[in-house]
1. Report the charge-dipole magnitude of region B:146-253 in Debye, nearest 20, computed about the Cα centre from +1 at each Lys and Arg Cβ and -1 at each Asp and Glu Cβ.
2. For A:Leu83, A:Leu288, A:Leu49, what ranking results if the residue with the fewest other Cβ atoms within 10 Å of its Cβ goes first?
3. Can you work out the FRET efficiency for the pair B:Asp102 and A:Asp66, with r the C-beta to C-beta distance and R0 = 30 Å, to the nearest 0.05?
4. Scan region B:241-323 for GluC sites (Glu not before Pro) in coil per DSSP, keeping those whose Cβ has at most 14 other Cβ atoms within 10 Å, and list them by number.
5. Over all directions, average the projected area of the Cα convex hull of the protein assembly as shown and note it in nm².
6. Among A:Val42, A:Val50, rank each residue by its count of other Cβ atoms within 10 Å, from fewest to most, as a rough exposure measure.
7. May I ask what percent, to the nearest 5, of DSSP beta bridges between residues of chain B are antiparallel?
8. Can you list residues from other chains, or at least 5 along the same chain, whose modelled amide H is less than 5 Å from the amide H of A:Thr132?
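Quick note: the coordinates plus some simple rules give every number you see, no bench work behind them. What you see is a predicted model; the values in this text were computed from it and never measured. Cβ: placed from backbone, ideal geometry, glycine included. Neighbour counts: every protein chain shown.
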2 protein chains.
Amino acid sequence: MSEPAGAAESALPSEFGLIGRHFRPLAGPGALDLEDDAAVLVPPPGRELVMAADAMVAGVHYLPDDPADGVARKLLRVNLSDLAAMGATPLGYLLTVSAPTDTPDAWFAAFARGLAADQAIFDVTLLGGDTTSTPGPVTLSLTIIGHVAPGAAVRRRGAKAGDEVWVTGTIGDGALGLAASLGKLDDPSGYLRARYCVPSPRLGLPLTGRASAAIDVSDGLLQDLGHLCRLAGCGAEIEAGLVPLSDAARAAGPAWLADCLGGGDDYELLLAVPEGRGEALAAACATLGVPLTRIGRFTEGPMAVRVIDAAHETVTVARHGWSHF
Amino acid sequence: MSEPAGAAESALPSEFGLIGRHFRPLAGPGALDLEDDAAVLVPPPGRELVMAADAMVAGVHYLPDDPADGVARKLLRVNLSDLAAMGATPLGYLLTVSAPTDTPDAWFAAFARGLAADQAIFDVTLLGGDTTSTPGPVTLSLTIIGHVAPGAAVRRRGAKAGDEVWVTGTIGDGALGLAASLGKLDDPSGYLRARYCVPSPRLGLPLTGRASAAIDVSDGLLQDLGHLCRLAGCGAEIEAGLVPLSDAARAAGPAWLADCLGGGDDYELLLAVPEGRGEALAAACATLGVPLTRIGRFTEGPMAVRVIDAAHETVTVARHGWSHF
């Protein structure tokens, strides 16, 4: 194209090239090819929308040298896990990426590759977002949009004394995976690190009408169970020996139990289930390939979480959970 | 409350206190008091949803010492401006805040105060979000949710050669306000700095069916006009002397013209309007208190933006716009 002399030609600055190369291929219906100021989403008829946002910072939520594709997948999956806890179906997401100006193009390429892989698995597409520079660490923020039938969202509030405490999958792999990544724990198979880096959101479980409350385990089993207790005005007792551990976590030995119970980053679901209904729910989850294990019970009395052993003696656990401030 | 010996008591870590103190009062319908993993939003019946996300980084998008209430308002308003450009009505927002662990509580209090003030002005509420620590600068990401009648969203794509170029308000105050904040330009009244720090999103204008394309001026008038041209496959000519400048910008003198045209951060709307329809739209906007000014025309030929003077001679403009990478 010949440019008139003195014209401000419309060649895009590199920010737009970066978006075009790496993010436009991820855009789905409603994203308007990321051409516009905003996305237009036609809500699924007769459904309520469920929305959550989580941020991740290099050096805080992941190690700065972690492969970018895994970082992207973790970012998407921790948000999908919030939908899972509400019993919602994923629809799409918006994303902001703040990265140093010298971030290599290959980092963005790998980041987008991770998103593309998980978009295919979880049936979501990119709706919109923003890329900016930062003098600090890479900082990512993702807003996930999902949907549920009206009134069907499972809440954190709703547990009752007498309900049982159930969890999906295994607990502690996230915390031990972080320890392994930091060289503090052997992880010969890489299983724990993989669980830490790329969690499995427990989407699609038939929780509505079966679980009286649910939360995903992101800040540590004991702390997240504490949230359910506080909102219910009751306590809980969990039996340490019932908490499901992976073979790799079991191999780490009992010294790591406090990290398993308090460490966070599991992205399993923690459920309150009325007595007598857990087995049927567990059977339904098992047909979907998700193990569900009873680990304790909500109790009358103080809003506190007690860990007990098989003889019903209190076990002292040093580590309660994770707080950023 | 008496705690059983050895129990993991459910006292919240300070992250949750911070959310409860500062962010819970901002939560609206659907936010579930920020108690849950996600918000539940009942979409307004028969409406499409419009969504955008923008990030802001201390030291990049604002000066680290800028008052936190103004930072919060700018964050919300730059996102509202994206809705304005689509002709959408605001509904709510999700927010992630990554801040250093030594960020004073007063910073969060002021930040929330700014959000509260603008929530009242723009009739939006907080739906959800996340707070995390960072070893880097404060990094903010906001996802705005709005709604439009089906098919009514105004797009960036749609300008035609022959359409006129119109802008709301005045152009260049954002760039000059930044220059003033950096001590590079006198701003005795503080007007320019106020425009830079707290822009005015042009919500509620009757654009649908009247503007053939729209964009908000965030990256610089020339660059954003270039976006409309590229999507339309046409060029544009704007007459420098027609570009509306505030008294304060005019007082800065002609040496600052390139900054006004290329500097960004105006958050005015740039519209393509079919010939003969601009005056009626301007009159409608005027009744809403928003000036609308014709500054040029979309042209056949190369997808380029040309700045001309009153004698139709090309004016060379050094600065085209802003790119992060």
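1. Approximately 380 debye in magnitude.
2. Placing the least packed residue first, the sequence is A:Leu288, A:Leu49, A:Leu83.
3. 0.70
4. Passing sites in region B:241-323 are B:Glu275, B:Glu300, B:Glu313.
5. 28.8 nm²
6. Ranking A:Val42, A:Val50 by Cβ neighbours within 10 Å, fewest first, gives A:Val42, A:Val50.
7. 75 percent
8. Those qualifying (amide H under 5 Å, at least 5 residues apart or on another chain) are A:Val97, A:Ser98, A:Ala99.
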